[in-house]
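Visitor: Okay, handing you the structure first.
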Amino acid sequence: MTAKSKMNGHDIEYVKGDWIYSDTKESTMTQHGTRSCSHCKQFCTPEGHDACLGTLPNVKNACCGHGVPEDAYVQFNNDSCVYSKDALTLMYILKKSTDKSL
């Protein structure tokens with residue numbers, strides 16, 4: 001049985017000791033950062049954040065879910081987490097609080 005996961009919304013699988021994209025069979029390591037989000041079509045920021053999120057305050061890491069709300073999460077610096085639609089709502093609030101153009 002092949003291990004499967006997702007990267008930026010793209011299906012990936014573990015084959016012969018390497019994670020590869022299921023559609024192109026290219027290594028995720030050699031192609032890392034060269035594929036846009038499967039949902040919004042944006043590339044990650046130079047810091048590696050989802051482009052639609054940018055940098056969120058007091059957040060260790062987060063994922064927008066890439067079109068699948070159930071896959072969204074926010075992990076705070078204290079390691080607590082929020083998932084799914086609650087995470088998307090929280091991302092919106094945090095992003096709005098840091099938007100200097102408002």
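Visitor: For the chain, how many pairs of lysine residues have a Cα-Cα distance under 26 Å, where the two are 8 or more positions apart or belong to different chains?
Guide: 25
Visitor: With angles folded into 0 to 90 degrees, how steeply does helix 84-98 sit against the dominant principal axis of the chain? Use alpha carbons for both and round to 10.
Guide: Orientation of helix 84-98: about 50 degrees from the principal axis.
Visitor: Then there is this: For ASP99, what accessible surface area do you get with a 1.4 Å probe? Give it in Å², rounded to 10.
Guide: Approximately 70 Å² of ASP99 is accessible to the 1.4 Å probe.
Visitor: Please compute the volume of the convex hull spanned by the alpha-carbon atoms of the chain and report it per residue in Å³.
Guide: Hull volume normalised by residue count: 122 Å³.
Visitor: Among residues other than ASP71 whose Cβ falls under 15 Å from its Cβ, what is the net charge (Lys/Arg +1, Asp/Glu -1)?
Guide: For residues surrounding ASP71, the net value is -1.
Visitor: Using a basic spin-label model with each label point 7 Å from the Cα along Cα→Cβ, how many nm lie between LYS25 and THR98?
Guide: Spacing of the two 7 Å Cα→Cβ label points: 4.0 nm.
Visitor: Another question about this same structure. Kindly write out, for region 70-76 in residue order, the coupling ³J(HN,Hα) from the Karplus curve 6.51 cos²θ - 1.76 cosθ + 1.60 (θ = phi - 60°), rounded to whole Hz, with x marking Gly and Pro.
Guide: In residue order, the calculated couplings are 5, 8, 6, 7, 10, 10, 7 Hz.
Visitor: Then there is this: Going by average Cβ density within 10 Å per residue, which order do the peptides 81-87, 20-26, 7-13 take, highest to lowest?
Guide: With the highest mean Cβ count within 10 Å placed first, the list reads 7-13, 81-87, 20-26.
The values are calculated or read from the model by the stated rules, or taken from the named source; none is laboratory data. Quick caveat, the model's predicted, so the values are computed rather than measured. Every residue, glycine among them, receives a Cβ derived from its backbone with ideal geometry; neighbour counts consider all protein chains shown. When the accessible area is computed, the model is the full protein with side chains, heavy atoms only, and any ligands, DNA or RNA have been set aside. Shrake-Rupley method; radii C 1.70, N 1.55, O 1.52, S 1.80 Å.
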